[in-house]
Structure formats: structure tokens, C-alpha cells
2 protein chains.
Amino acid sequence: MNKIIIATKNAGKLKEFKAFFEQYDMTAYGLDELDKQFDDVEETGTTFEENAALKAETIAGFLQVPVLADDSGLEIDALEGRPGVYSARYAGEAKSDQANMDKVLEELQGVPAAERTARFVCVLAVSQPGKETFYARGHVEGVITEVPQGEHGFGYDPVFQPEGYEKTMAQLEPAEKNQISHRKQAMVHLEKWLNEQAK
Amino acid sequence: MNKIIIATKNAGKLKEFKAFFEQYDMTAYGLDELDKQFDDVEETGTTFEENAALKAETIAGFLQVPVLADDSGLEIDALEGRPGVYSARYAGEAKSDQANMDKVLEELQGVPAAERTARFVCVLAVSQPGKETFYARGHVEGVITEVPQGEHGFGYDPVFQPEGYEKTMAQLEPAEKNQISHRKQAMVHLEKWLNEQAK
């Protein structure tokens, strides 16, 4: 035993037990701290698949139950696929949507419309104890606009114009975005897999 | 699969996944909801051992890690051991310390000092996957006073005078109480067991 869960929400008792078990080189966690153990699972992978699996497999290994994790990002062809797995922290660890978009638009300065192709990618990983991890990948193709437009969504939505639309993702209504989004496409694959499992 | 953990703290994503998995009769939990699954583990046992084990074993079975749970209460001899496992809710589900003490004092009205003997009991249960549950029981003997006294502690502390003391538990300083308490006694047994395990 090197870790033990203390089944209490009483802060005083928990503190006492933590100090007690520390003497035995054991880490005691309270029930409301179960998630804190996973805060330090870092996204160190070089692909969306690796990052999603890293998280899902770590948590499933601990909890011994199925776990779904996702990783997603934006791939811009003119930037050789960047920001990719670094999408959330492209302009630094502060993870600012505005700073990230500014950086991308600056790097694309002078690049003509026809060469501003890009795609949002989402990978869902489902890890089950004792089984191979299942991956579902979804994507939505589009182009990077010259300036941010729209107020909905988050991330790079204001500079991404999906194929067949004259609006950016951030100009689409949430329900409309959700119908075409990369996550939606990945969930279609997940759905198919779940249906096969159920057979 | 009938349950799945969604490794996200994003409320919007979580809501979407919950609705999605519901179609497959699966319950999806977010990382910060891991403890909520155990809220409904009811203390339906008739002994402290049963209640502590029920909680520890349920959670250990789910998490596959060692879990410690405790159950404790007050046994009054003149009341045939009551309130016992019902100590926290003796006067009703509202779990009022004051109402519980009032009920006990009323039931003991007219009972002479010599017959007001009682004890606080604490049982710790440690459940480890694939192993027998370990129990540590501690108790502190005393008498029930005529009126509540003291401001420290909680529960029945103001009406319980431990053996060898002229004060109630609630009149003792916390550090002093912790040295003689039923939980402390149970932890002495737990400590002995841990030392044996480490050999």
C-alpha cells in the first residue's frame, strides 16, 4: 500500500489521517480529492492520439473503469500542420485564445486565400482495463480568415471558416457548429463503435 | 460498459458526453464527480463494523485501491446500547447534535449517576482489493451527564464525561480529547497492524 482513500468529507478527520499515514510513506486522499491525482497528467505526446490515450489510460489504470479523453487542435497546411497538438498553448503557457490567434495570423501574413487551408481535428480515446484503447478521429476542413470574426465558440473559432460556409465557426450558432464540428465527427465514429460493441 | 469517466473539467463537453452516453444506458461521470458516486452508500448496517465495511468495500471495489472508512457512535447501557449506529440521526434525519442530546437526556431522566454508563465507539475498516477487510475498534468509557457542558468537539461530547475526568469531552482541549478519544484508540490498533504489514 502506498496510497489510501479516506472515505470522509470531514476536513478535520482527513487532516488527521493524512498526517498519520504520512509516517508510513503513504499518501492519503479524501473523497473530494480523487480528481487531483490526475492534474499532473501532461500532454507530452506528439500526436492527438498520444495525448488523448495518455490521459485516458492513466486514469483508467488507476480507477479500473472505462475512461474517455479527448485531444483536439488546429492543423494549418501552410504552417506544416502547426499549431497541432500545441494549439491551446501556441503563444505560451498562459493559454490565451487571442494571443494564439494573433500568432497564427501573423505567421500567415501574405499567404493567399487558396493556400490558407486548415482543419480542426478531434481525437477521442476510450481506454478500458485489459483492452486495447479505441480511437475515434474527426475533422472539419476549412480556411484561415484574414481577421477574427464572430462571438460564439472558443479557441480558433473566429479565424476558421469551414468548407461550404461564408461564416467563421464563431459566427455559426452553437447548434449549427455542433452539427459540423470535429468533435461531432469523432462522436459519429464513437457511436458506430458503441453500436458494434453492443451487438 | 455501463459507466464511463469523461476526463474533462469542461462543463459544456461533459454535458454533451453525458447526453450521448445516456442513449447507450451508460452513466458518464466527470473527473470532479468521482466522489458523487459514493454519496448514496447508505449506512444500513446494524453494527459499526458493518457500516464502516460497507463504505470502504464499496469504494475500494470501484477504485481498486485501499480505502479506509470509519463509523462511530455512542452506546448507553441504560438504553440497551442506543443510540449506537443511529447516533448521528437519533432524533431524525436532520442530524442535529442538540436534538440528539435532548432526546438522550430525556430518555435518561431519573436514571441515577451510577447507571448512566456509556462509551464512545469508533470502528475503522480498511478494505484492500482481493484481501480481507481489516477492522480496528477503539472505545472510551464514561457516563452521561445531567446537562450539556463545554464548547469544544461535536456530537454528544457535551454530555459525555470520560472515566477519570471531572469534565465532559466538550470541556477538554482538542489535543487532550484527541489523546483519549475512541478514534485515537482505534488508530493505535491500526498503527500496530500497519507495522505488522510492513515487516
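Things worth noting here:
- Enumeration of residues in the stretch A:21-68 that are within 7 Å of chain B (Cβ to nearest Cβ), part of a loop (DSSP other than H, G, I, E, B) and of a type outside the set (Phe, Trp, Tyr): A:34, A:35, A:64, A:65, A:66
- In this structure, residue A:63 does satisfy being free of Cβ contacts under 8 Å to residues at least 24 places away in the same chain, within 28 Å of residue B:28 (Cβ to Cβ) and among the aliphatic types (A, V, I, L, M).
- The single residue among A:104, A:85, A:111 that is of a type in the set (Val, Ile, Thr), within 27 Å of residue A:181 (Cα to Cα), part of a helix (DSSP H, G or I) and more than 14 Å from the chain's Cα centre (by Cα) turns out to be A:104.
- Hey, residue B:88 within 13 Å of chain A (Cβ to nearest Cβ), among the aliphatic types (A, V, I, L, M) and open to solvent by less than 20 Å² (accessible area, probe 1.4 Å) or not: no
- Top-ranked residue in the stretch A:158-199 [being of a type in the set (S, T, N, Q) and assigned to a helix (DSSP H, G or I); ranked as farthest from residue B:20 (Cα to Cα)]: A:171
- Residues located in the stretch A:1-32, provided they are open to solvent by less than 20 Å² (accessible area, probe 1.4 Å) and hydroxyl-bearing (Ser, Thr, Tyr): A:8
- Evaluation of residue B:150 against (1) over 18 Å from residue B:55 (Cβ atoms); (2) open to solvent by 50 Å² or more (accessible area, probe 1.4 Å); (3) more than 19 Å from the chain's Cα centre (by Cα) (one fails), failing number: (2)
- Scanning the stretch B:188-199 for residues that are under 13 Å from residue B:125 (Cβ atoms) and among the aliphatic types (A, V, I, L, M) yields a count of 1.
The values are calculated or read from the model by the stated rules, or taken from the named source; none is laboratory data. Since this is a predicted model, take the numbers as computed values, not measurements. Quick reminder, even Gly has a Cβ in these numbers, built from the backbone with ideal geometry, and neighbours come from all protein chains shown. Please note that ligands, DNA and RNA were not included when accessible areas were found on the heavy atoms of the full protein model with its side chains. Shrake-Rupley method; radii C 1.70, N 1.55, O 1.52, S 1.80 Å.
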